[in-house]
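Contents: one structure, followed by commentary.
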Amino acid sequence: MKLSVYLETTIPSYLAARTSSNIVIAGRQAATHEFFELERQKYNLYVSDFVYSECEKGDPGVAKKRLDWLSGVEILPQTPDVKPLADVYMHLLSIPQKCRVDAMHLAMCCINGIDILLSWNCTHLGAESMKIVQKHNDAHGLPTPLMTTPDSLIDKYKEVDFSD
């Protein structure tokens, strides 16, 4: 059975951006393209309205490219449980209000039972934060996605066949 992967906004952003002259960013862009072009078929991909809202911002030409990359990716429904759970995560992880959408992405994954949260934004949802989330979710009967980056996901499941 295929694993479910939620594409956080940095994924289409890296796909749509011009190749960076910064070697670290360029490497992330390359890994994101590798995942999306060569590995995506191994997974069921999902986004949310939050991803679409973020992708629509900024330069209209680049926004269109971001949205084009999301063509055919299923949009998860937002339930009434998402916002209250995001509030809990904001409190637990000390996420500032201006970064609320990070907590919303996480809550969407947990409420919808998504296996993997794919992102380059590890500021608020890095390994230590996810340990706190795991502890909370375990206590409340909620699933916790694996938070990872495209390069790590490719390495982790390189030899695994998830075909149905």
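The values are calculated or read from the model by the stated rules, or taken from the named source; none is laboratory data. In this text, all values refer to a predicted model and were calculated from it rather than measured experimentally. Here Cβ is always computed from backbone atoms with ideal geometry, including for glycine, and neighbour counts include all displayed protein chains.
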Counting only residues that are hydroxyl-bearing (Ser, Thr, Tyr) and buried (at least 19 other Cβ atoms within 10 Å of the Cβ), segment 77-134 contains a total of 3
Scan (1) buried (at least 19 other Cβ atoms within 10 Å of the Cβ); (2) at pLDDT below 95; (3) under 24 Å from LYS156 (Cα atoms) for the single condition GLU54 breaks and write down its number. (3)
Subset of segment 22-64, residues outside any helix (DSSP H, G or I) and either among the basic types (Lys, Arg) or under 14 Å from the mean Cα position of the chain (by Cα) (or both), comes to TYR43, ASN44, LEU45, TYR46, VAL47, SER48, LYS57
What number of residues within segment 127-150 are over 19 Å from GLU8 (Cα atoms) and of a type in the set (Gly, Ala, Ser)? 2
Residues being closer than 24 Å to PHE36 by Cα and not in a helix (DSSP H, G or I): count how many of those fall in segment 65-95. 8
State all residues of segment 1-21 that are of a type in the set (Gly, Ala, Ser) and part of a helix (DSSP H, G or I); if no residue qualifies, say none. SER13, ALA16
Output for Cβ contacts, cut-off 8 Å, separation at least six or different chains, first residue within 17 Å of ASP49 (Cβ to Cβ) in segment 91-104, second of a type outside the set (S, T, N, Q) and surrounded by fewer than 16 Cβ atoms within 10 Å (Cβ to Cβ), reads ALA103/ASP87; MET104/LYS83
Just give me the residues in segment 96-112 being in a loop (DSSP other than H, G, I, E, B) and at pLDDT below 95, in sequence order. PRO96
Determine, yes or no, whether ALA31 is closer than 16 Å to TRP120 by Cα, in contact (Cβ under 8 Å) with a residue 40 or more places away in the chain and small (Gly, Ala, Ser). yes
Please enumerate the residues belonging to segment 6-36 that are touching a Pro at 6+ places or on another chain (Cβ under 9 Å) and either closer than 18 Å to GLY58 by Cα or of a type in the set (A, V, I, L, M, F, W, C) (or both). ILE11, TYR14, ALA31, PHE35, PHE36
Checking SER152 against (1) at pLDDT 95 or above; (2) closer than 18 Å to ASN44 by Cα; (3) not charged (D, E, K, R), which test does it fail? (1)
